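Engineer: Take a look at the following structure, please.
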Amino acid sequence: MIHFNMTVIIGEISNFVAYIYAPAVLVTPLGALSIIVSAVLAHFMLKEKLQKMGMLGCLLCIVGSTIIVLHAPEERSISSVEEIWELATQPAFLLYTASAIATALVLILYCAPRYGQTNIIVYIGICSVIGSLTVMSIKAIGIAIKLTLEGTNQAKYFQTWIFAMVAITCIIIQLNYLNMALDTFNTAIVSPIYYALFTSFTILASAIMFKDYSGQSASSIASELCGFITVLSGTAVLHSTRDPETPLITDLYTPLSPKVSWYIQGNGELWKQKDEDESSPSFITILRQDYFK
């Protein structure tokens, strides 16, 4: 368990660092590579058989990730948190933020109580929309930490702390509804849908805020889009090969149908009743203590 926690911590720190030095439109789609590593490790360490369709899914993820890396935009140079704040307060991104918050509130307050247990898009939609804001805030905090380590203190700017509060709030909401989705629906269905929606909203938010695609040719944008679709297809294929989750048996003493019940009358005689017969015995069961002596 300790080794598992350490690997999770190392992975999240590495993901955090990646957002500092690379655009979100590159880092987020490459998250599918973790699915490949998990499948390969499960094959060798947990002896879970990796089927041919699973191998095809891994191959699609690798090909799509390669296309994304080759055509990804370059990271723009940022010198202060104030510059990120200007990007975050531009009208286009403010409109996106307002739309994301409004959508999340509708899903949380109206849709979740009514359709959350039956429609998988409700919980995952909340995670994905809020998650895009999480990534933007995390990227801003990461850049602030990098600039501070380089000698330019960013903690003196109030914008840094606003980004930190937004990130903490969004992470709590995102994890809460992601856990609700995983508790309600099959993981093999939740994972690819969540990956598709979360990555799509994150790419859209990053493209609006940081203008990642400005200066890129139409062919490069189209190639990266094709790479993302390829990764998405590989993710769906890989998860479709997973064994379905077996329901937990809560009552070990529940017999299989048909069921027969036996009742002991006061005179010691037995009365038999099948479950299909909904009528109840017209007598009151009396168990005398001296009957068992």
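The values are calculated or read from the model by the stated rules, or taken from the named source; none is laboratory data. All values derive from a computational prediction rather than experimental measurement. Because the Cβ atoms are built from the backbone with ideal geometry, glycine has one as well, and the counts that use them run over all protein chains shown. Heads up: the accessible areas ignore ligands, DNA and RNA and are worked out on the full protein's heavy atoms, side chains in. Shrake-Rupley method; radii C 1.70, N 1.55, O 1.52, S 1.80 Å.
Engineer: Rounding to the nearest 20 debye, state how big the charge dipole of the range 1-97 is about its Cα centre with +1 on each Lys and Arg Cβ and -1 on each Asp and Glu Cβ.
Structural biologist: 680 debye
Engineer: Which ³J(HN,Hα) values, rounded to whole Hz and listed in residue order, are derived for the range 120-127 from phi using the Karplus coefficients 6.51, -1.76 and 1.60 in 6.51 cos²θ - 1.76 cosθ + 1.60 with θ = phi - 60°, glycine and proline given as x?
Structural biologist: Here the 3J(HN,Hα) series is 5, 5, 5, 5, 5, x, 4, 4 Hz.
Engineer: What whole-number value in Å² describes the accessible area per residue of the range 78-211 for a 1.4 Å probe?
Structural biologist: Ligands and nucleic acids excluded, the figure is 47 Å² per residue.
Engineer: Place +1 on the Cβ of every Lys and Arg and -1 on the Cβ of every Asp and Glu in the range 78-211, take the dipole about the Cα centre, and give the residue among Gln117, Val129, Leu204 whose Cα lies farthest towards its positive end.
Structural biologist: Of the listed residues, the answer is Gln117.
Engineer: Could you work out what % of the accessible surface of the range 78-211 is carbon and sulfur, using a 1.4 angstrom probe and leaving DNA, RNA and ligands out of the count?
Structural biologist: Using a 1.4 Å probe with all protein chains present, the range 78-211 comes out at 70 percent carbon and sulfur.
Engineer: While we're looking at this one, here's another question. Can you tell me how much longer the chain between Gln51 and Ser214 gets when fully stretched, taken as 0.36 nm per residue apart minus their C-alpha distance, in nm with one decimal?
Structural biologist: Once the chain is fully extended between Gln51 and Ser214, it gains 54.5 nm.
Engineer: Moving to a separate point now. Which residue, Ile78, Thr169, Ala104, has the largest displacement toward the positive end of the dipole of the range 78-211 when charges sit on each Cβ (Lys, Arg +1; Asp, Glu -1)?
Structural biologist: Ala104
Engineer: Moving on to the next point. Dipole of the range 78-211, Cα-centred, from +1 at each Lys and Arg C-beta and -1 at each Asp and Glu C-beta, to the nearest 20 debye?
Structural biologist: That gives a dipole near 120 debye.
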